[in-house]
1. Which residue fluctuates most in the GNM of the chain (Cα springs below 10 Å): VAL82, VAL50, VAL58?
2. Would you work out what percent of the accessible area of segment 1-154, with all protein chains in place, is carbon or sulfur (probe 1.4 Å)?
3. Under 16 Å Cα-Cα from LYS16, which lysines qualify once same-chain neighbours fewer than 8 residues away are excluded?
4. Efficiency by 1/(1 + (r/R0)^6): what FRET value for ARG10 and LEU53, r their Cβ-Cβ distance, R0 = 35 Å, to the nearest 0.05?
5. Apply 1/(1 + (r/R0)^6) to the Cβ-Cβ distance of THR156 and SER42, taking R0 = 45 Å, and write down the FRET efficiency to the nearest 0.05.
6. Given 10 Å bins starting at zero, what is the percent of C-alpha pairs of segment 78-129 in each, up to the one with the largest pair distance?
7. Calculate the length of the line joining the C-alpha centroid of segment 86-160 to that of segment 1-46, in whole Å.
8. Cα to Cα, under 21 Å, and not fewer than 8 places away if on the same chain: which lysines meet these conditions relative to LYS13?
Amino acid sequence: MRLRAIDKNRYSKHYKMVFGAIVLALIVFSLSTSALLIRFFSTPEASHFVQNLAGVIVAALLVSYGVYRFRYHPFMDEVIYVWNLKQQLNRIYRKQRKIEPLVDENNLDAMVIMNYFYQGSKQLYELDDNTITLDNLAIKFNHLNNRLEQTGLKLTTEEYAPDMLDRF
């Protein structure tokens, strides 16, 4: 996955609209499905837990299908990009304890992965207005840049490939 520039205002607007639509769809589908199931498959004095649970499950399936179906729509572009970025950063984060020490050993793959991780995290934090953790991230990123200067390497995020993580 390649990092790319995202318009923060457009992303924020689309994210809020997509999230709101998902919440609204879950409410409408679960309530209407539950009401129909209760109407046709239950009695008034019986417990409606099973019908309500089935309504929630049906709603979740319908909303999941809708998101899956429209994931390539231009309106969803930024939202899906950030979602995929978060997944990629999470994969790196789970292996970070093994990778970070190798940066000090001048392991090229570790440096490429951490460079992508730090730059992707910076983009994500800025998009989500998470400025609290930017200072800590800058310290780690500066450490990586110092190692790169010592070794005479210049890295870009284009060099990162997800299958690099399989080596760790």
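The values are calculated or read from the model by the stated rules, or taken from the named source; none is laboratory data. This is a predicted model, so every value here is computed, not measured. Glycine also receives a Cβ, built like all others from the backbone with ideal geometry; neighbour counts cover every protein chain displayed. Ligands, DNA and RNA are excluded from the accessible area calculation, which covers all protein heavy atoms including side chains. Shrake-Rupley method; radii C 1.70, N 1.55, O 1.52, S 1.80 Å.
1. VAL50
2. 62
3. Cα-Cα hits under 16 Å: LYS8.
4. 0.40
5. The formula returns an efficiency of 0.15 here.
6. 25, 50, 21, 4
7. Computed from Cα coordinates, the inter-centre distance equals 35 Å.
8. The qualifying lysines are LYS86, LYS122.
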